Amino acid sequence: MSLLHELYQEIIIDHSASPRNEGHLVPMTHFAEAYNATCGDELTLSLQVVDDRIKDVKFHAQGCSISKASGSMMTEKIKNMTIGEASEFSQKLQTILSSDHLNLLSEEAMGDLVALLGVKQFPMRIKCATLAWHALDHALINSLRSIS
Ligand code: ZN
């Protein structure tokens, strides 16, 4: 069985071929970039946070289909979450992807993100799946307002 078949290939291919919320936000309030040296994936993330809520989000990824699909699915999932909700979801998802604690999030809460669970069988690719979420963690503590 191929890697992509294991990874619920239809969902992954759909998101990587047609990424949702692709690009750069102007203006933005939060920004981060992340790099996965193992696979060569690069990803930037920009957020527009208003009153503690993520009103808009865009990402741009260069790399493998898993990193792109994870970024695309992430933007759909976190839009309209509060910073606290997005941060908590990110921690839970990363724990699920890198450990055996599968019950932290329901399948309903994960939505399309369940497609990433197949990556657990390919430890080298877990960083591809978590890259966008690392970027989110950095972005959430990286408010541009504190600079200006
Ligand atoms: Zn990758």
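Any read-out appearing in this document is the output of simple, stated calculations on the displayed coordinates, not a laboratory observation. Values in this document were obtained by computation on a predicted structure and should not be read as measured data. Cβ: placed from backbone, ideal geometry, glycine included. Neighbour counts: every protein chain shown.
A few points about this structure:
- Pairs of lysines in the chain (C-alpha under 16 Å apart; 8 or more residues apart or interchain): 10
- Taking the Cα centre of the chain as reference, the dipole from Cβ charges on Lys and Arg (+1) and Asp and Glu (-1) amounts to some 260 debye.
- By the equivalent-ellipsoid construction on the alpha carbon gyration tensor, the chain comes out with semi-axes of 24, 16, 13 Å, ordered largest to smallest.
- From its DSSP helices (H runs of at least four residues, each -39,500 (n - 2.57)), the chain gives a residue-normalised ellipticity at 222 nm of -12500 deg cm²/dmol.
- Over segment 42-125, the pair-distance histogram of Cα-Cα distances with 10 Å bins from zero comes to 16, 48, 32, 4 percent, rounded to whole numbers.
- Cα shape, segment 15-85, gyration tensor, a/c 1.5 rule: prolate
- Local net charge near L43, Cβ-Cβ under 10 Å (Lys/Arg +1, Asp/Glu -1): -2
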